[in-house]
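Please treat every number below as a calculation from the coordinates, not as lab data. Given the structure is predicted, the values throughout are model-derived calculations rather than measurements. All Cβ positions, even for glycine, are placed from backbone atoms using ideal geometry, and neighbour counts span all protein chains on display.
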Amino acid sequence: MTDGRAFGPGAHSYLDGKPSGELSAEERASADRLAALIRAYADGLKPVDPAMDEAVMAAVRRRGAVPAAGDGVWRWLLTSHRVPVRPVWVAALAAAAALVLWLAPRAPAGARSGAVAVAAAAGRDTVFVRFELVAPEARSVAVAGSFTGWRTDALPMVRGAAGVWSVTVALPIGEHRYEFVVDQTRWVPDPTAHAQVDDGFGGRNSVIVVGPKGLVRS
Amino acid sequence: MSGRGVRWLVLAAVLCAPAVLAARQGSVVSRLSARGLPAALAREVQRIAADAAGQGVPPGPLADKAIEGWAKHVPPARIVSAVRLFAGRMAEAGAAVRSAGIQNPSGGVIAAAAEAMGGGLKAEEIRMVVRAAGAAEEASPGLSVAASLAAQGIGSKQAVTIVVDAMEHRRPMSQLLDLPSVARSMHDRGMSPGEIGERLLPHHRDAGGGEHHGDKNDRPPGVPPGPGHPSGPGHP
């Protein structure tokens, strides 16, 4: 104890209420000294706040409101934890997250072509445009361009009177590049297009800019 | 969460990043392969796209250019050469667009600027159109119209002046997009490119001596509704 001297079992029995006559003088002195220490300690204790009981019970009731299902997960999620994290790990996590977000595809690649972007700028309106080509000798004619992904079989044209091939297409507002494909092999520019531009492969692409009022040809 | 959990999370994120990168680059290859391009050609185009990505060039238009060449039965070597040239032009166009104030231009704006440069517009002229557009989404149509006018023989300086004036005066987008049709109809009536440019220039319009934009039907005078004019439901 505090003074380094041991208390014998007789002293403990005395403190428990046994008659003191069974103790020697030395044991009684020890027991009295121990009793004095206990009283001094008890005197130093502050009285318990009467509201503490209610506060404790309220806390218990709150914890009891957590759903029983998945109790372990809920408890883990709703309980505060101490997470020892080194700042370098936080920086690495942030950098990795930023990298993933930056690299993640934002839109289909095809949706980034100029024509589609123009259409988006104009509210995604589309306008019907009629394509025509005079080719009396042709066996088949199709129109292929940026609006078909350059597929040659997407927009076959129909032969009309006097060998005039035609097709009407709903095109987004904006600029489009195209050519006619005659007999599935020959690429022919549209003589009525707004312009002919270098296609980068030694040929010419026809260009039309479709506005909300459509395409005007003389 | 324990420190070990955080470490696992970081490790997973770091491992995912290359996978996302590979998937993104792979999308070019998969697009080209789906269109029947040989694997070697697709890989070469992907390599060009990956290099160009460092300069902010989007891969989509490069893949489109390769697909166009393949559809036209162009030899692979020439396709690679054209794609590389287009990538360089897109990088230059992207730099011009950024220097005009659009810090993160979309792929559409860059592609439109690149096509315009291919049509003869200079970098400074690209910047003029982009600045006049104000909003990034309006730059693409402006660039396309300027390029189309230039391709019709109107000088690029004149074409840019016409477009910039229309944008700065906040003319409707319909009028702007109608300019190539108007120019074409003037050409078909026998006007020279120089005359057409003069007619479309602001001072000529303001003086009331030439082609106005907007009669009672909001159609420039003298422009007949040809066979291409939409007569059906124009805006489905």
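Computed packing ranks the peptides B:172-180, A:31-39, B:190-198 as B:172-180, B:190-198, A:31-39, most packed first, by mean other Cβ atoms within 10 Å. A Cβ-based charge dipole, computed about the Cα centre of the stretch A:137-204 with Lys and Arg at +1 and Asp and Glu at -1, lands at about 160 debye. Residue-wise HN-Hα couplings along the stretch A:84-94, as the Karplus relation 6.51 cos²θ - 1.76 cosθ + 1.60 with θ = phi - 60° gives them from phi, are x, 10, 7, x, 5, 5, 5, 5, 5, 5, 4 Hz; Gly and Pro carry x.
Legend: mean number of C-beta atoms from other chains within 10 angstrom of residue C-beta atoms, peptide A:167-175, equals 4. Applying the criteria of a DSSP loop state and at most 11 other Cβ atoms within 10 Å to the trypsin sites (Lys or Arg not before Pro) of the stretch B:129-183 yields B:Arg170. Counting neighbouring beta carbons within 10 Å and listing from fewest to most, the residues B:His73, A:His12, A:His176 come out as B:His73, A:His12, A:His176.
Across peptide B:107-115, the average count of Cβ atoms from other chains found within 10 Å of a residue's Cβ is 6. Ranking of B:Glu115, A:Glu137 by neighbouring Cβ atoms within 10 Å, starting from the fewest: A:Glu137, B:Glu115. Amide H to amide H, with H built 1.01 Å from N, A:Ala195 comes under 5 Å of A:Val207, counting only residues 5 or more places away or on other chains. Note on B:Lys65: aspartates and glutamates with a C-alpha under 20 Å away, same-chain residues under 8 apart excluded, are A:Asp153, A:Glu175, A:Glu179, A:Asp190, A:Asp198, A:Asp199, B:Glu44, B:Asp51, B:Glu92, B:Glu115. Per-residue 3J(HN,Hα) values for the stretch A:157-172, derived from phi via the Karplus relation 6.51 cos²θ - 1.76 cosθ + 1.60 with θ = phi - 60°, read 9, 9, 7, x, 5, 6, x, 8, 8, 8, 7, 10, 10, 8, 10, x Hz in sequence order (x marks Gly and Pro). Return B:Lys72, B:Lys65, A:Lys18 ranked ascending by Cβ neighbour count within 10 Å, so the fewest neighbours appear first. Ranked by crowding around the Cβ, least crowded first: A:Lys18, B:Lys72, B:Lys65.
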